[in-house]
Amino acid sequence: MKEKFKYIYIVLFCCMGIAILPAGQPSTVNKAAYTVEEFFSTLPITSASVYTLSDSEAFSLINLSADAGINVFELIDSVFRILEPLKARVVITGDSLRKTEDFFILGDERVLSILPIKKLVYLEVGKSISSKQNDLDIFLDSEYESFIEIGTARYLKHFGFKNLSPSLFDSCFGVQVHKLFFSAPLIKLELYGPAKGAIYVKGLMKPKRWNLQIIQRKAS
């Protein structure tokens, strides 16, 4: 009888564990979220606060991401999942990320056209604490434009996404896509599979689907 109840308990426990994972989300990102959670548990982050990662902390986070086999957007997605329940925010500076490029490839041309590390002052991710904040705020040193295959994307100095949810960067602001006589705002970025993303532009019926390179260590 005891063995029977033990078996039932194990089955229920496993079902509960499965239930806490967002339905339909890439398993790679779910695993990465647990890795990121362990990392953030070592930091002095408190509720309703904004914490800036040091250079060494940013390096550790990128190192963990390389181990997990995720790209920068999957990393940001994982960070937001951890911070949202805390109602906290984290700042990662452009200087800190650029310093990691001596050791890591943060992404290919596609990744860096959406998140221009070379122009980045800082990004701030987490649950909004004030009305002036968004789930993901990205600040550049100047306005920027880059070709993203469906057109030329023009970025304001402050752009980002108002709403983040598992594997979805929604309600984009500060990015306009131009092609010939066509001009429309970028709407959202969806992470629809491991290292895969879909860009949605207002007025276009189909999204542009891309492979988004994962963070990799440089050969020594």
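Throughout, read-outs are computed from the coordinates displayed, never taken from laboratory work. Please read these numbers as outputs of a predicted model, since none were measured by experiment. Here Cβ is always computed from backbone atoms with ideal geometry, including for glycine, and neighbour counts include all displayed protein chains.
Between the stretch 37-62 and the stretch 146-160, what's the alpha-carbon centroid distance in Å?
If you average the Cα positions of each part, the centres end up 29 Å apart.
Got a sec to turn the phi values of the stretch 141-157 into Karplus ³J(HN,Hα) couplings, 6.51 cos²θ - 1.76 cosθ + 1.60 with θ = phi - 60°, whole Hz, x for Gly and Pro?
With the stated coefficients, the stretch 141-157 comes to 7, 6, 4, 8, 9, 8, 7, 10, 6, 8, x, 9, 8, 10, 10, 6, 4 Hz.
Note down the magnitude of the dipole of the chain about its Cα centre, charges +1 on Lys and Arg C-beta and -1 on Asp and Glu C-beta and zero elsewhere, to the nearest 20 debye. Numbers along the way, then the final one.
Numbers: 26 positive and 23 negative charges, 129 e Å.
So the dipole magnitude of the chain works out to roughly 620 debye.
Out of residues 5 or more away from Glu145 or on other chains, whose amide H comes under 5 Å of its own, with H placed 1.01 Å from N in the peptide plane?
Amide H neighbours of Glu145: Tyr155.
Only Lys, Arg, Asp and Glu count, each charged at its Cβ (+1, +1, -1, -1), so figure out the dipole size of the stretch 33-146 about its Cα centre, rounded to 20 debye. Present the calculation step by step, with values, prior to reporting the outcome.
Values: 10 positive and 19 negative charges, 72 e Å.
Its charge dipole is roughly 340 debye.
Any of Lys162/Lys218; Lys99/Lys202; Lys162/Lys208; Lys157/Lys202 with alpha carbons more than 30 Å apart? Name them for me. Before the final figure, lay out each step's value.
Working: Lys162/Lys218 33 Å; Lys99/Lys202 36 Å; Lys162/Lys208 21 Å; Lys157/Lys202 21 Å.
Over 30 Å apart, Cα to Cα: Lys162/Lys218; Lys99/Lys202.
Give me the percent of DSSP beta bridges within the chain that run antiparallel, rounded to the nearest 5. Please report the intermediate quantities before stating the final value.
Values: 44 of 47 bridges.
Beta bridges within the chain, antiparallel portion: roughly 95 percent.
Would you mind calculating the relative contact order of the stretch 34-189 from Cα pairs under 8 angstrom and at least 6 residues apart, reporting the percent as a whole number?
17
Applying the Karplus parametrisation 6.51 cos²θ - 1.76 cosθ + 1.60 with θ = phi - 60° to the phi angles of the stretch 127-137, what ³J(HN,Hα) value in whole Hz is obtained for each residue in order, glycine and proline being reported as x?
Whole-Hz 3J(HN,Hα) from phi for the stretch 127-137: 5, 4, 9, 10, 5, 8, 9, 10, 4, 9, 10.
Work out the charge dipole of the chain with +1 on the Cβ of Lys and Arg and -1 on the Cβ of Asp and Glu about the Cα centre, then indicate which of Pro116, Leu186, Ser96 is farthest towards its positive end.
The listed residue farthest towards the positive side: Leu186.
Of Val79, Phe169, Leu43, which is farthest along the charge dipole of the chain in the positive direction, counting Lys and Arg as +1 and Asp and Glu as -1 at C-beta?
Phe169
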